[in-house]
Amino acid sequence: MSNTILDAPPRKALRLAHVSRLSKRGNSKAGAPSYSRSLRKGGNKTPKNRELTTKRRGELAELAFTYKAATMGFGVAKPYGDSERYDFVLDAGGRFIRVQVKSSTTLLNGLYHINCHRRTNGRAVAYSPSEIDFLVAYIIPEDAWFILPITVVAHRISLLFCPKGYPRGDGLFGAYREAWHLLREFPPPSDNHNCCHPE
């Protein structure tokens, strides 16, 4: 990877890395829109391209989370394979926290929409406290992170987030915008949940 990419800010570096890959495939064009812009427009709407766009967006969101969490002082580990419900394990001073990362560029009636579930036999199933500790929602157009304890979103299969400056207020999850301190405070003193936490 070139020094230009390594020296760039994280969001710009992700875009540069993507452009670099396209260039190596011979697909880049002068004046082509940025990847984040193509995500917002939706690109080619065939089912295959929608799946690839969603997958790529998820991969970039995980890269962005890795960088962000590391700069915040957390140790960041990723489980082998994809059998676990969580995407990452954070080391917060010897306490280990299971995190699922979701991202969105999609506005639904003026609010950002995120799916908050896994699929089992074709059914949408909400995440539970036995599976993850936090759901982290990344709103890509705003470069904003919502740090949500699973107890706040359990039993929900989708979430809506207000854009910054939304005229009707911050919405149901506004208090969790950039609430990285919740990860450092987990688990609360009264919490007896010991899974993934050393005794």
Mind checking which strands (runs of 3 or more DSSP E) fall wholly inside the stretch 67-135 and carry at least 1 residues that are modelled with pLDDT of 95 or more and in the same structural domain as F161 (by TED's automatic domain parsing)?
75-77, 88-92, 95-104, 111-115
Cβ-Cβ below 8 Å, separation at least six or inter-chain, first residue in the stretch 141-165 and surrounded by 15 or more Cβ atoms within 10 Å (Cβ to Cβ), second of a type in the set (S, T, Y) and part of a helix (DSSP H, G or I): which pairs?
P141/S36; F146/Y176; I147/Y176; L148/Y176; V152/Y176
Scanning the stretch 162-180 residue by residue, those within 18 Å of the chain's Cα centre (by Cα) and either of a type in the set (S, T, Y) or not assigned by TED's automatic domain parsing to the domain that holds F65 (or both) turn out to be Y176
Selection over the stretch 136-158 where residues are polar (S, T, N, Q) and part of a helix (DSSP H, G or I) yields a count of 1
Given (1) modelled with pLDDT under 85; (2) part of a helix (DSSP H, G or I); (3) under 21 Å from F173 (Cβ atoms), L39 misses just (3)
Among the numbered criteria (1) outside any helix (DSSP H, G or I); (2) surrounded by fewer than 16 Cβ atoms within 10 Å (Cβ to Cβ); (3) on the phi < 0 side of the Ramachandran plot, which one does L63 miss?
(1)
So G73, is it on the phi > 0 side of the Ramachandran plot and touching a Pro at 6+ places or on another chain (Cβ under 9 Å)
no
Test: residue in the stretch 129-151 that is over 13 Å from the mean Cα position of the chain (by Cα) and among the small types (G, A, S):
yes
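The values are calculated or read from the model by the stated rules, or taken from the named source; none is laboratory data. Everything quoted here is computed from the prediction, not taken from an experiment. Don't worry about glycine lacking a Cβ; one is built from the backbone with ideal geometry, like all the others, and counts go over all protein chains shown.
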